[in-house]
Amino acid sequence: MKKAPRSRSSYRKKSRRCSANKVANRILAVCLDFGDTLADEASEVKDDTLTALRAELIPGAGELLHELKRRGYKLALVADGRPGTYSNVLRQHSVHELFDVFAISEEVGVEKPDARMFLAALDTLGIDHEHYDRTVMVGNRLDRDVRGANDLGMVSVWIDWSGRYSSVPEDELEVPDFTIHMPLELMDVLEELERVP
């Protein structure tokens, strides 16, 4: 399958800090999907209700969450599925408490790419519409995560880790702003976004 093109190119690793004069470029929140973005869907052990009891995180996912929190980013889980799945797996890996907000489809009443999924997180975080371009959505589905983020004007980051879903955008709304292959590569994307022009 053909891979989606990267519409922005480099993720150079540079050590820098966001100073007071860079506040205008500061990313306000990082929203993340769950399956094959943080947790390896293939490792899920589920009960009769299809709630995951446990699963492995994909390499670097736990470190990413700790680093994002250490740097002061607001974190939201924006995911389709059963609420117990996220609670079980995130607690298993001691990262549940790192999230500020959970927008779970069974609780919100719709699935991505419906805008209400993303708005449930952004509204709870207190982020106004005019600042959606300073929020990031990371997910493994072009048709759900990328489309929904692009439709709202968020920065879309596609994690091309598992190959479980289509890697070919159906239209412009499914073309990600950035493509990463491993969770920790997100730090390079955030540095690029916050770089002063």
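Within the stretch 102-118, can you find the residues that are under 14 Å from the mean Cα position of the chain (by Cα) and not β-branched (Val, Ile, Thr)? Those that are under 14 Å from the mean Cα position of the chain (by Cα) and not β-branched (Val, Ile, Thr): Phe102, Ala103, Lys112, Pro113, Met117, Phe118. Checking Asp40, Asp47, Asp36 one by one, the residue that is over 18 Å from Val136 (Cα atoms) and within 15 Å of the chain's Cα centre (by Cα) is Asp40 and no other. Quick one: in the stretch 168-197, of everything that is modelled with pLDDT of 95 or more and among the β-branched types (Val, Ile, Thr), which residue is farthest from Arg71 (Cα to Cα)? Filtering first and then ranking leaves Val175.
Residue count for the stretch 119-164 under the criterion of being hydroxyl-bearing (Ser, Thr, Tyr), in contact (Cβ under 8 Å) with a residue 24 or more places away in the chain and assigned to a helix (DSSP H, G or I): the result is 1. In the stretch 50-73, the qualifying residues are those that are part of a loop (DSSP other than H, G, I, E, B) and modelled with pLDDT of 95 or more, and the one that is nearest to Ala149 (Cα to Cα) is Tyr73. Of the candidates Arg82, Arg54, Arg71, Arg116, the single residue that is out of contact with any strand residue (DSSP E or B) (no Cβ under 9 Å at 6 or more places or on another chain) and not hydroxyl-bearing (Ser, Thr, Tyr) is Arg71. Would you be able to say whether some residue in the stretch 94-114 is buried (at least 16 other Cβ atoms within 10 Å of the Cβ), in a loop (DSSP other than H, G, I, E, B) and at pLDDT below 95? Within the stretch 94-114 (the criterion being buried (at least 16 other Cβ atoms within 10 Å of the Cβ), in a loop (DSSP other than H, G, I, E, B) and at pLDDT below 95), the answer is no, since none of the residues qualifies.
Taking the criterion of being at pLDDT below 95 and assigned to a helix (DSSP H, G or I), would at least one residue in the stretch 6-20 satisfy it? The answer is yes, given that some residue of the stretch 6-20 is at pLDDT below 95 and assigned to a helix (DSSP H, G or I). Looking only at residues of the stretch 36-73 that are touching a helix residue (DSSP H, G or I) at 6+ places or on another chain (Cβ under 9 Å) and among the basic types (Lys, Arg), we find that the one that is surrounded by the most Cβ atoms within 10 Å (Cβ to Cβ) is Lys69. Among the criteria (1) outside any strand (DSSP E or B); (2) modelled with pLDDT of 95 or more; (3) surrounded by 15 or more Cβ atoms within 10 Å (Cβ to Cβ), the one Ala76 does not fulfil is (1). Against the criterion of being over 16 Å from Thr37 (Cβ atoms), surrounded by 23 or more Cβ atoms within 10 Å (Cβ to Cβ) and modelled with pLDDT of 95 or more, Leu142 does not qualify.
Scanning the stretch 145-166 for residues that are farther than 20 Å from Ile27 by Cβ and either crowded, with 23+ Cβ neighbours inside 10 Å or touching a Leu at 6+ places or on another chain (Cβ under 7 Å) (or both) yields Arg147, Ser166. Among the residues of the stretch 120-139, those identified as buried (at least 19 other Cβ atoms within 10 Å of the Cβ) and farther than 20 Å from Leu193 by Cα are Ala120, Ala121.
The values are calculated or read from the model by the stated rules, or taken from the named source; none is laboratory data. The structure presented is a predicted model; accordingly, all values stated were derived computationally and were not measured. Ideal geometry is used to build each Cβ from the backbone, glycine not excepted, and the neighbour counts take in all protein chains shown.
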